[in-house]
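The values are calculated or read from the model by the stated rules, or taken from the named source; none is laboratory data. Since the model is a prediction, treat every value here as computed from it, not as a measurement. Positions of Cβ are backbone-derived with ideal geometry, glycine not excepted, and every protein chain shown enters the neighbour counts. Side chains included, ligands, DNA and RNA excluded: accessible areas come from the protein's heavy atoms. Shrake-Rupley method; radii C 1.70, N 1.55, O 1.52, S 1.80 Å.
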Amino acid sequence: WSKSEGNLEYSQGAFSDYDFYPDHFVNRDGYLGDDRRHRVKVNGYALLPYELVVGFDAFWSSPFAYDRTEGAPNAGYGVAYLDPRGAFRGNSNYQLDLSLTKGFKVGPVNLQLIGTVYNVLNSERVIEYCENFPACSATVEWGQPSDWQNPRRFEAGFRIEF
(Lines give C-alpha, C1' and ligand atoms only; values in the text may rest on other atoms or scores of the structure.)
Protein backbone atom coordinates (compact mmCIF):
# COMPACT_ATOMS: atom_id res chain seq x y z
CA TRP A 1 0.00 0.00 0.00
CA SER A 2 1.46 3.37 -0.91
CA LYS A 3 0.83 6.94 -1.98
CA SER A 4 2.82 9.15 -4.31
CA GLU A 5 2.17 12.78 -3.47
CA GLY A 6 4.13 15.86 -4.38
CA ASN A 7 4.37 18.81 -6.71
CA LEU A 8 6.83 17.65 -9.39
CA GLU A 9 6.88 14.40 -11.35
CA TYR A 10 10.13 12.47 -11.49
CA SER A 11 11.53 14.00 -14.66
CA GLN A 12 15.22 14.55 -13.85
CA GLY A 13 14.78 18.28 -14.37
CA ALA A 14 13.08 18.01 -17.76
CA PHE A 15 10.24 20.33 -16.76
CA SER A 16 10.27 23.98 -15.75
CA ASP A 17 8.00 24.48 -12.79
CA TYR A 18 7.23 27.41 -10.51
CA ASP A 19 8.50 30.02 -12.96
CA PHE A 20 5.36 32.10 -13.47
CA TYR A 21 2.92 33.11 -10.78
CA PRO A 22 0.05 32.18 -10.63
CA ASP A 23 0.05 29.75 -13.61
CA HIS A 24 2.62 27.36 -12.21
CA PHE A 25 1.57 27.65 -8.57
CA VAL A 26 -2.13 26.68 -8.49
CA ASN A 27 -3.15 23.06 -7.78
CA ARG A 28 0.48 21.81 -8.09
CA ASP A 29 0.43 19.68 -4.94
CA GLY A 30 -1.41 16.38 -5.02
CA TYR A 31 -1.21 12.83 -6.31
CA LEU A 32 1.46 12.20 -8.94
CA GLY A 33 1.14 10.05 -12.05
CA ASP A 34 2.75 7.00 -10.41
CA ASP A 35 0.29 7.02 -7.49
CA ARG A 36 -1.27 3.56 -7.30
CA ARG A 37 -2.55 2.64 -3.86
CA HIS A 38 -1.95 -1.09 -4.25
CA ARG A 39 0.60 -3.03 -6.29
CA VAL A 40 1.23 -6.75 -6.29
CA LYS A 41 4.03 -8.38 -8.28
CA VAL A 42 4.91 -12.05 -8.27
CA ASN A 43 7.61 -13.72 -10.34
CA GLY A 44 9.50 -16.95 -10.26
CA TYR A 45 10.50 -20.08 -12.11
CA ALA A 46 10.45 -23.85 -11.84
CA LEU A 47 13.29 -26.17 -12.85
CA LEU A 48 11.84 -29.23 -14.57
CA PRO A 49 13.46 -32.45 -15.79
CA TYR A 50 15.14 -32.57 -19.22
CA GLU A 51 16.74 -29.11 -18.88
CA LEU A 52 13.36 -27.32 -18.96
CA VAL A 53 12.66 -24.10 -17.06
CA VAL A 54 9.20 -22.52 -16.80
CA GLY A 55 9.13 -18.87 -15.69
CA PHE A 56 6.35 -16.45 -14.86
CA ASP A 57 5.96 -12.76 -14.11
CA ALA A 58 2.61 -11.33 -13.00
CA PHE A 59 1.41 -8.01 -11.61
CA TRP A 60 -1.75 -6.17 -10.62
CA SER A 61 -2.03 -2.52 -9.67
CA SER A 62 -4.93 -0.37 -8.55
CA PRO A 63 -6.16 2.70 -10.50
CA PHE A 64 -3.66 5.48 -11.28
CA ALA A 65 -4.04 9.23 -10.83
CA TYR A 66 -4.36 11.67 -13.72
CA ASP A 67 -5.05 15.39 -14.11
CA ARG A 68 -6.99 18.01 -16.03
CA THR A 69 -4.60 20.64 -17.35
CA GLU A 70 -4.36 23.36 -19.97
CA GLY A 71 -1.47 25.26 -21.47
CA ALA A 72 -0.26 27.99 -19.15
CA PRO A 73 -1.51 31.10 -21.01
CA ASN A 74 0.77 33.66 -19.36
CA ALA A 75 3.86 31.50 -19.11
CA GLY A 76 3.93 30.41 -22.74
CA TYR A 77 5.03 26.89 -21.78
CA GLY A 78 4.20 24.33 -19.15
CA VAL A 79 0.73 23.58 -17.89
CA ALA A 80 -1.77 24.99 -15.44
CA TYR A 81 -3.71 22.49 -13.30
CA LEU A 82 -7.46 23.11 -13.45
CA ASP A 83 -8.21 20.76 -10.55
CA PRO A 84 -6.16 19.50 -7.61
CA ARG A 85 -3.33 17.37 -8.98
CA GLY A 86 -4.30 13.71 -9.38
CA ALA A 87 -7.99 14.41 -8.75
CA PHE A 88 -9.07 11.79 -11.28
CA ARG A 89 -8.50 8.02 -11.34
CA GLY A 90 -7.90 5.77 -14.30
CA ASN A 91 -8.32 2.02 -14.13
CA SER A 92 -6.50 -0.90 -12.55
CA ASN A 93 -4.00 -2.87 -14.61
CA TYR A 94 -2.74 -6.44 -14.72
CA GLN A 95 -0.52 -8.67 -16.85
CA LEU A 96 0.85 -12.23 -16.86
CA ASP A 97 3.99 -13.24 -18.80
CA LEU A 98 5.20 -16.84 -19.22
CA SER A 99 8.44 -18.29 -20.56
CA LEU A 100 9.79 -21.75 -21.38
CA THR A 101 13.50 -22.50 -21.76
CA LYS A 102 15.00 -25.75 -23.04
CA GLY A 103 18.71 -26.39 -22.50
CA PHE A 104 21.08 -28.53 -24.60
CA LYS A 105 24.68 -29.52 -23.80
CA VAL A 106 26.99 -29.48 -26.84
CA GLY A 107 30.47 -30.29 -25.63
CA PRO A 108 31.62 -27.49 -23.30
CA VAL A 109 28.83 -25.18 -24.54
CA ASN A 110 25.35 -24.89 -23.05
CA LEU A 111 22.69 -23.86 -25.63
CA GLN A 112 19.24 -22.68 -24.56
CA LEU A 113 16.14 -22.13 -26.65
CA ILE A 114 13.82 -19.54 -25.12
CA GLY A 115 10.14 -18.92 -25.85
CA THR A 116 8.16 -16.16 -24.12
CA VAL A 117 4.54 -15.05 -24.23
CA TYR A 118 3.94 -11.52 -22.95
CA ASN A 119 0.48 -10.54 -21.74
CA VAL A 120 -0.87 -14.10 -21.83
CA LEU A 121 -4.37 -12.93 -20.87
CA ASN A 122 -4.31 -10.39 -23.75
CA SER A 123 -5.51 -7.57 -21.49
CA GLU A 124 -5.37 -4.23 -23.28
CA ARG A 125 -6.13 -1.93 -20.38
CA VAL A 126 -5.96 1.85 -20.65
CA ILE A 127 -2.62 3.15 -19.33
CA GLU A 128 -3.06 6.85 -20.14
CA TYR A 129 -5.91 9.34 -20.46
CA CYS A 130 -5.97 12.68 -22.23
CA GLU A 131 -5.11 15.25 -19.53
CA ASN A 132 -5.14 18.37 -21.71
CA PHE A 133 -8.37 20.37 -21.52
CA PRO A 134 -10.45 20.62 -23.66
CA ALA A 135 -8.78 18.03 -25.93
CA CYS A 136 -5.48 16.39 -26.82
CA SER A 137 -6.29 16.22 -30.53
CA ALA A 138 -9.19 16.50 -32.94
CA THR A 139 -10.27 12.96 -32.05
CA VAL A 140 -9.30 12.61 -28.35
CA GLU A 141 -11.09 14.81 -25.82
CA TRP A 142 -10.11 15.36 -22.20
CA GLY A 143 -10.67 12.25 -20.06
CA GLN A 144 -10.73 9.84 -23.00
CA PRO A 145 -8.18 7.01 -23.29
CA SER A 146 -5.06 7.95 -25.24
CA ASP A 147 -2.81 4.88 -24.76
CA TRP A 148 -3.27 1.18 -24.01
CA GLN A 149 -0.96 -1.59 -22.83
CA ASN A 150 0.52 -3.78 -25.54
CA PRO A 151 -1.58 -6.81 -26.59
CA ARG A 152 -0.36 -10.41 -26.38
CA ARG A 153 2.95 -10.90 -28.15
CA PHE A 154 5.51 -13.64 -28.58
CA GLU A 155 9.28 -13.76 -28.47
CA ALA A 156 11.70 -16.53 -29.41
CA GLY A 157 15.44 -16.53 -28.85
CA PHE A 158 18.48 -18.46 -27.82
CA ARG A 159 21.34 -18.15 -25.39
CA ILE A 160 24.85 -19.57 -25.66
CA GLU A 161 26.84 -20.12 -22.46
CA PHE A 162 30.49 -21.10 -22.57
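Take the Cα of residue 121, step 7 Å toward its Cβ, do the same at residue 135, and the gap between the two points is 3.4 nm. Remark: region 1-121 carries a charge dipole of roughly 640 debye about the Cα centre, counting +1 on each Lys and Arg Cβ and -1 on each Asp and Glu Cβ.
For the chain, give me the percentage of DSSP beta bridges that are antiparallel, rounded to the nearest 5 percent.
Details: 50 of 52 bridges.
Taking every DSSP beta bridge with both residues in the chain, the antiparallel ones total about 95 percent.
Relative protection proxy for 22-35, 115-128, from highest mean packing down: 22-35, 115-128 (other beta-carbon atoms within 10 angstrom).
Remark: region 49-111 carries a charge dipole of roughly 120 debye about the Cα centre, counting +1 on each Lys and Arg Cβ and -1 on each Asp and Glu Cβ. Counting only Cβ charges, +1 for Lys and Arg and -1 for Asp and Glu, the dipole size of region 87-162 around its Cα centre is about 460 debye.
Protein heavy-atom accessible surface, 1.4 Å probe, per residue over region 1-129: 61 Å².
How big is the Cα convex hull of the chain in projection, averaged over all directions, in nm²? Present the calculation step by step, with values, prior to reporting the outcome.
Working: hull surface 51.9 nm².
In nm², the orientation-averaged hull projection of the chain is 13.0.
Keeping the other protein chains in place, figure out the carbon and sulfur percent of the accessible area of the chain, with a 1.4 Å probe. Reported share for carbon and sulfur atoms: 58 percent. If the elastic network links every pair of Cα atoms under 10 Å, which of 72, 80, 46 fluctuates the most in the Gaussian network model of the chain? Top of the fluctuation ranking is 46. Taking a point 7 angstrom from the Cα of residue 70 along the C-beta vector, which residues in region 120-141 have backbone N less than 18 Å away? Once the point is set 7 Å along Cα→Cβ of residue 70, 130-138, 140-141 turn out to lie under 18 Å by backbone N, inside region 120-141. For residue 89, the residues whose modelled amide H falls within less than 5 Å of its own, excluding neighbours fewer than 5 places apart on the same chain, are 66.
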